[in-house]
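Reading through the structure tokens given below for one structure.
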């Protein structure tokens, strides 16, 4: 039996039956059951299938992962159980490619291990998230800190996330519109970071991983070491 067939059978017999609990309850009631499935996936060697084997993954090519992803996509819980769900999978790639050693040990390793969740904040009210050159949120350097101010929304999975990677303008006067923004890591316990609400989508505001939040950064101070990548590289990284 091929790995794809084994994974398909696992999704059908173990993951899909949990969907009825998701439809009748909120995400928090499923966490224990999902954690058990995640442990089972780890033991089978299917965890984070997109990562190299040296990093704890299956070492699949993009095409091979696409085939697995198609199988996991048959359930809204599939990618989560295998720790390859958005926005975490994108944040993992950002941190693997551009994070400092400290950022990798603090934010990447527990994310890869499935011990925490993260979120990504770019889209703003009145601004299309498809255009990362158009945003009002700013990050101003003040000594050895950045002060972030702005409002984001449809920040998927912010509810319960341990940290947020946020796009903010660091040089509004730059003639290169693609070099105006940078990315920063903001922990959810930062006093300048607030989840205002989970936005209702088709009548359901959701909860936990299955939610899209409006978040505010108000005089949100972060150390300069929270910068992800280089100053002005936000568009390229996005």
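The values are calculated or read from the model by the stated rules, or taken from the named source; none is laboratory data. Values in this document were obtained by computation on a predicted structure and should not be read as measured data. Using ideal geometry, Cβ is built from the backbone for each residue, glycine included, and neighbour counts are taken over all protein chains shown.
Observations on the structure shown:
- Scanning the stretch 169-204 for residues that are assigned to a strand (DSSP E or B) and in contact with a helix residue (DSSP H, G or I) (Cβ under 6 Å, 6 or more places away or on another chain) turns up 181, 182, 183, 184, 185.
- Subset of the stretch 129-139 (residues that are more than 19 Å from the chain's Cα centre (by Cα) and free of Cβ contacts under 8 Å to residues at least 12 places away in the same chain): 134
Each row is one residue, and each column tells you yes or no for (1) at pLDDT below 95; (2) closer than 26 Å to residue 213 by Cα.
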{"residue": "20", "(1), (2)": "yes, yes"}
{"residue": "72", "(1), (2)": "no, yes"}
{"residue": "82", "(1), (2)": "no, yes"}
{"residue": "88", "(1), (2)": "no, yes"}
{"residue": "92", "(1), (2)": "no, yes"}
{"residue": "101", "(1), (2)": "no, no"}
{"residue": "107", "(1), (2)": "no, yes"}
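- Filtering 97, 78 for residues that are in the same structural domain as residue 11 (by TED's automatic domain parsing), under 17 Å from the mean Cα position of the chain (by Cα) and on the phi < 0 side of the Ramachandran plot leaves a single hit, 78.
- Selected residue (criterion: surrounded by the most Cβ atoms within 10 Å (Cβ to Cβ)) from residues of the stretch 126-144 that are in contact with a helix residue (DSSP H, G or I) (Cβ under 7 Å, 6 or more places away or on another chain) and under 15 Å from residue 238 (Cβ atoms): 132
- The stretch 19-73, residues that are part of a loop (DSSP other than H, G, I, E, B) and touching a strand residue (DSSP E or B) at 6+ places or on another chain (Cβ under 9 Å): 26
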